[in-house]
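These notes concern the structure reproduced below.
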Amino acid sequence: MSRIKKIGFSAGLALFFQLAPIHAAEFGLFGDVTFNDSDASGENSSFALGGLDFYATHAISDTSRGFIEFVFENTDEGIVTDLERLWISHTFKDEFVMAAGRFHSPLGSWNRTYHHGAMLQDTVSRPFFLDFEDGAAGVLPVHVVGLMATGDFTMNSGIVSYELAVANGPSLDSSSGLSPAASGKPEIDINNISDPNSDKSIALRVIYKPDLMDVQTGFFVMSNTIAESADGSGLVALGEDLIDQTIIGFDVTYEYEEFDALVEYYSFDNKNEVGASGSNTAAAYFVQLGYWLTESTKAVYRYEDLSFDDADSYFRLLGAREATHNVIALRYDVDESNSLKFEINSADVAGSKNTTSYQFQWAFLIP
C-alpha cells in the first residue's frame with residue numbers, strides 16, 4: 001500500500017463513524033488551490049481558492065463520540081460558511097451504533113468515502129451528478145438530517161455492514177418553474193431544522209466485503225417525498241408534494257496490487273406531482289479506473305453519464321441536463337500531507353457545445 005493510500009485511509013476513518021472509542025481529540029484541516037482553464041467561449045483561465053474544511057471528532061465517553069465539520073467556501077459574493085456534518089453517536093456494540101445529526105447520505109461508496117476534503121480523492125472533480133446540493137450539477141440529496149444506524153457483522157466468508165438513515169425529507173423551491181436554468185439552479189434543501197414533508201426519508205445501504213478478495217460491494221435504496229419549500233410562490237402550496245422518488249443502486253470497489261476500480265450505478269423512479277403526470281425513470285453511473293505508476297504517482301480515468309426523460313419534473317425543477325463526461329487525471333503525492341493533481345475533463349452536455357476543461361490542483365491536509 002502506498003503512502004497516500006495509508007494517509008487517505010486514515011483520514012477517511014477520521015471522517016467516518018468510529019466504532020472503537022478513542023479518547024484523544026482529533027482535529028484537521030483540508031484545503032486546496034486550483035488553476036482552471038477551458039476551451040469554453042468567453043471563459044478566462046483563473047486561480048481559485050478551494051473550501052477550507054475544518055473537522056473535529058472526540059470520544060466524549062467510552063462509548064459515545066461527537067463529530068463536527070465546517071467548510072468555508074470562497075464564492076464571487078464572498079466567503080460562505082456551511083455546516084456539512086454534525087453528529088453524536090453511541091456504540092451499543094459493533095453490530096449497532098446509533099447516531100443523530102447531519103450526515104452524508106448512505107448513497108454509494110464515493111459519497112460515504114471522499115467527503116469534502118479534496119486531497120482524499122484521486123481526481124480534482126467529483127462525478128458531476130454527485131456534486132453537493134448547492135453545486136452546479138448536483139441531482140442527489142447527498143446529506144441527510146436525522147438518525148443513522150450502522151453496524152458490522154462478521155461472517156465466515158467476510159464482513160457485512162449496514163448504514164440505515166431516517167431523516168427529514170428534501171424539498172425544492174419551485175418558484176422559478178419547471179425550467180429554472182435562466183435564473184440559476186435551485187438547491188436541494190435537506191432541511192436542517194424543520195421538515196415540510198409529511199413523510200420522512202428512509203435510506204439503507206448494505207455492504208459486503210469477502211475475506212479472500214480485495215473487493216467490496218454495496219447495494220442501496222432511498223425513498224424521498226420531495227416537498228415544496230416556497231411559501232406562496234411555488235407550483236404548489238408550501239409543504240405539498242412535488243415528487244415521490246425512489247433511488248436504487250449499487251457500488252463496487254476493487255483493488256489488485258497497483259490497480260483499483262470503482263463503479264456506481266443509480267436508478268431513479270420519480271413520480272411527478274406537478275407538470276406531466278405519471279412516473280419517469282432515469283439513470284446515472286460512473287466507472288473509475290486507477291493505476292499506481294510509481295509509489296507516489298497514479299493515473300486515473302473516469303466515465304460519467306446522466307440520462308433522463310424530458311418529462312421528468314424532478315430534473316426539470318433542478319434545471320438539470322443530460323451529460324456525459326470523460327475524465328483523465330494524474331496524481332502525484334508530494335508527501336503524506338499534500339498532493340498535486342492534473343485533470344482533463346471533456347463534457348458533452350445536452351443543448352450545449354462540447355467543452356474541455358483543464359485543472360491543476362495542489363491539495364493538502366493539516367492533521
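The values are calculated or read from the model by the stated rules, or taken from the named source; none is laboratory data. Computed from a predicted model, the values in this text were never measured in an experiment. Don't worry about glycine lacking a Cβ; one is built from the backbone with ideal geometry, like all the others, and counts go over all protein chains shown.
I'm trying to understand the selection: among the residues of region 140-163, which are crowded, with 22+ Cβ neighbours inside 10 Å, touching a strand residue (DSSP E or B) at 6+ places or on another chain (Cβ under 7 Å) and in contact (Cβ under 8 Å) with a residue 60 or more places away in the chain? Scanning region 140-163 gives P141, M148, T150. Cβ-Cβ contacts under 7 Å between residues 6 or more apart (or on different chains), taken from a first residue in region 75-95 that is outside any strand (DSSP E or B) to a second residue that is of a type outside the set (F, W, Y) and surrounded by 13 or more Cβ atoms within 10 Å (Cβ to Cβ), are listed as D94/L19; D94/G151; D94/D152; E95/G151; E95/D152.
Annotation: of all residues in region 231-251 being surrounded by fewer than 17 Cβ atoms within 10 Å (Cβ to Cβ) and assigned to a strand (DSSP E or B), the one that is nearest to the chain's Cα centre (by Cα) is I248. Scoring Y303 on the criteria (1) over 30 Å from M213 (Cβ atoms); (2) at pLDDT 95 or above; (3) not aliphatic (A, V, I, L, M) leaves a single failure, condition (1).
Among the residues of region 183-199, those identified as modelled with pLDDT under 90, exposed (fewer than 13 other Cβ atoms within 10 Å of the Cβ) and either under 23 Å from the mean Cα position of the chain (by Cα) or assigned to a loop (DSSP other than H, G, I, E, B) (or both) are G184, S198. Quick test of your reading of the structure: S267 fulfils all but one of (1) free of Cβ contacts under 8 Å to residues at least 24 places away in the same chain; (2) of a type in the set (S, T, N, Q); (3) assigned to a strand (DSSP E or B); (4) loosely packed, with under 14 Cβ neighbours inside 10 Å. Name the failing condition by number. Tallying (1) free of Cβ contacts under 8 Å to residues at least 24 places away in the same chain; (2) of a type in the set (S, T, N, Q); (3) assigned to a strand (DSSP E or B); (4) loosely packed, with under 14 Cβ neighbours inside 10 Å, S267 fails exactly one: (4). Looking for whichever is in contact (Cβ under 8 Å) with a residue 60 or more places away in the chain and farther than 20 Å from F132 by Cβ here; the options are S357, S296, S307, S346. Which one fits? Exactly one residue qualifies, and that residue is S296. The residues in region 329-358 that are within 20 Å of the chain's Cα centre (by Cα) and not basic (K, R) can be counted, and the count is 4. Residues in region 139-156 that are among the hydrophobic types (A, V, I, L, M, F, W, C) and more than 14 Å from A99 (Cβ to Cβ): V139, L140, V142, F153, M155. Count of region 208-230 residues, restricted to those that are small (G, A, S) and assigned to a strand (DSSP E or B), is 3.
Criterion applied to A100, A136 was being outside any helix (DSSP H, G or I), among the aliphatic types (A, V, I, L, M) and over 24 Å from E26 (Cα atoms), and the one residue passing it is A136. Just one of the numbered conditions (1) among the hydroxyl-bearing types (S, T, Y); (2) in contact (Cβ under 8 Å) with a residue 12 or more places away in the chain; (3) out of contact with any strand residue (DSSP E or B) (no Cβ under 6 Å at 6 or more places or on another chain) is not true of T57: (3). Sub-6 Å Cβ pairs linking a first residue in region 181-194 that is farther than 12 Å from H143 by Cα to a second residue that is at pLDDT 85 or above and in a loop (DSSP other than H, G, I, E, B), at least 6 apart or interchain, are A181/G319; K185/G319; P186/D173; E187/E133, ordered by first then second residue.
Going residue by residue through region 52-73, is there one that turns out to be of a type in the set (D, E), crowded, with 16+ Cβ neighbours inside 10 Å and under 18 Å from Q361 (Cα atoms)? Checked region 52-73: at least one residue is of a type in the set (D, E), crowded, with 16+ Cβ neighbours inside 10 Å and under 18 Å from Q361 (Cα atoms).
When residues in region 87-106 are screened for being buried (at least 19 other Cβ atoms within 10 Å of the Cβ), closer than 22 Å to F219 by Cα and either of a type in the set (V, I, T) or modelled with pLDDT under 95 (or both), 1 of them pass.
Candidates are the residues of region 309-337 that are touching a helix residue (DSSP H, G or I) at 6+ places or on another chain (Cβ under 7 Å) and not hydrophobic (A, V, I, L, M, F, W, C); the one that is surrounded by the most Cβ atoms within 10 Å (Cβ to Cβ) is D333. Filtering region 1-53 to residues that are within 23 Å of K298 (Cβ to Cβ), part of a loop (DSSP other than H, G, I, E, B) and at pLDDT below 50 leaves M1, S2, L15, F16.
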